[in-house]
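Values quoted throughout were computed directly from the atomic coordinates according to the rules given, and no laboratory measurement underlies them. Please read all numbers here as calculations on a predicted model, not as lab measurements. Don't worry about glycine lacking a Cβ; one is built from the backbone with ideal geometry, like all the others, and counts go over all protein chains shown.
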Ligand SMILES: Nc1ncnc2c1ncn2[C@@H]1O[C@H](COP(=O)(O)OP(=O)(O)OP(=O)(O)O)[C@@H](O)[C@H]1O
Ligand SMILES: [Mg+2]
């Protein structure tokens, strides 16, 4: 005869589904935070919970909740909660799950679900975010992809000039809902592909000072994500403003599938600041796809290398934030010239910077392949995409 009613381990797991991590907005079982449940003779239960950091501020709260929930299960006489810190693989899985959850809650945007969204960020100004954004966009378009470029630098826009795109934003009707008007991006064809650009530069003159305060800034980006006819873009490159503020949080909320490309210069100080951009990405559950070191060694016409802005910063940052170094773009007048003339250096395969950008484009196509969305398998693929898994790329549009 047992002293206690038979205790069902499954019932303890079910009860633990009632414990929600308030920061991640999901229950600890589905988030993969419960490592083990052990039921001992006599009804004592041991629950092993893995937390993101050993000193997690929510530790006490989660422990108390686990004790209360598991303790309420019939047959449980005592609850012992053992906490531990997650290993990197567990953390990655947890973040993927949280991102996936966030996707489910995100407001509807006009960015197609299959598009890969890459936010080009850095903690610091002037390191080459816009240069990397436009060269990446032009390079992808040259390979036949349809590339959206969202100039999220509302007050300091530079994308239209750098991509040589002029025009005005005009209204168009939503194909799905003719009652609704959308903003048509300004398009430039590049090879077999095209770039579709939206920027404040198409609304205000380039020299005009655009003064938008916090909320307005966020609204402008929201507008660009909700009311622009992006159409069937394969990639959406977001040129982020310097710093790590409201705009990134807004982007993360609206497009939780976005991935962050962190740009740094080779110097130590820039690398430290860039690390902040990566921390910010983590806080908003965005995946960091990798690091681009810009303004790396300049090679003069005699072949001599000059490390004007130091060396090794890209690799150090990559190691520090646990993301790959995807490219080192040399300091080269062609990059600045291309930015002024609107012919990105990436379109010139003979230049050293052009080759470096081509390498970056290859890496992005490989690491961030465009997903095919058809029928029922779409959801599975979408889930895989949200998990950052590698799926066979789709041939570019011809
Ligand atoms: N690899 C490079 N070689 C030479 N010049 C470069 C290179 N990368 C960027 N530049 C130049 O440096 C300046 C700053 O670059 P860019 O505008 O891309 O930086 P940013 O990070 O977007 O700046 P901001 O924070 O102001 O938005 C530009 O004049 C650009 O042409
Ligand atoms: Mg910029």
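Full extension of the chain segment joining residue 17 with residue 302 gains 96.0 nm, where the gain is 0.36 nm per residue of separation less the Cα-Cα distance. With each label modelled as a point 7 angstrom along the Cα→C-beta vector, the residue 223-residue 80 pair spans 6.1 nm. The calculated FRET efficiency for residue 155 paired with residue 8, based on their beta-carbon distance and R0 = 51 Å, is about 0.30.
Kindly identify the stretch 280-335 as rounded, prolate or oblate by the Cα gyration tensor criterion: order the square roots of the eigenvalues as a ≥ b ≥ c, call it rounded if a/c is under 1.5, otherwise compare a/b with b/c, prolate if a/b is larger, else oblate.
On the way: a/c = 3.56, a/b = 2.55, b/c = 1.40.
The shape class here is prolate.
Cα extents for the stretch 109-368 along the principal axes, largest to smallest and rounded to whole angstrom: 60, 38, 37. When Rg and Dmax are taken over the Cα atoms of the stretch 9-86, they come to 11.5, 35 Å.
The label-point distance for residue 315 and residue 40, in a model that sets each label 7 Å from Cα toward Cβ, rounds to 5.1 nm.
Working out 0.36 nm times the residue gap between residue 246 and residue 272, then minus their Cα-Cα distance, what length gain in nm do you get to one decimal? If you can, show how the numbers build up before the last one.
On the way: separation 26, 0.36 × 26 = 9.36 nm, distance 2.04 nm.
That works out to 7.3 nm of additional length.
Computed from the C-beta positions of residue 279 and residue 64 and an R0 of 41 Å, the FRET efficiency is 0.90 to the nearest 0.05.
As a calculated quantity, the FRET efficiency between residue 175 and residue 53 at R0 = 51 Å, using C-beta atoms, amounts to about 0.65. Counting only Cα atoms, the stretch 54-129 measures 59, 29, 20 Å along its principal axes, largest extent leading.
Would you please classify the overall shape of the stretch 230-360 from the alpha carbon gyration tensor, given that a ≥ b ≥ c denote the square roots of the eigenvalues, rounded means a/c under 1.5, and beyond that prolate means a/b larger than b/c while oblate covers the rest? Please list the in-between numbers first.
Working: a/c = 2.27, a/b = 1.39, b/c = 1.64.
Since a/c reaches 1.5 but b/c is at least a/b, the shape of the stretch 230-360 is classed as oblate.
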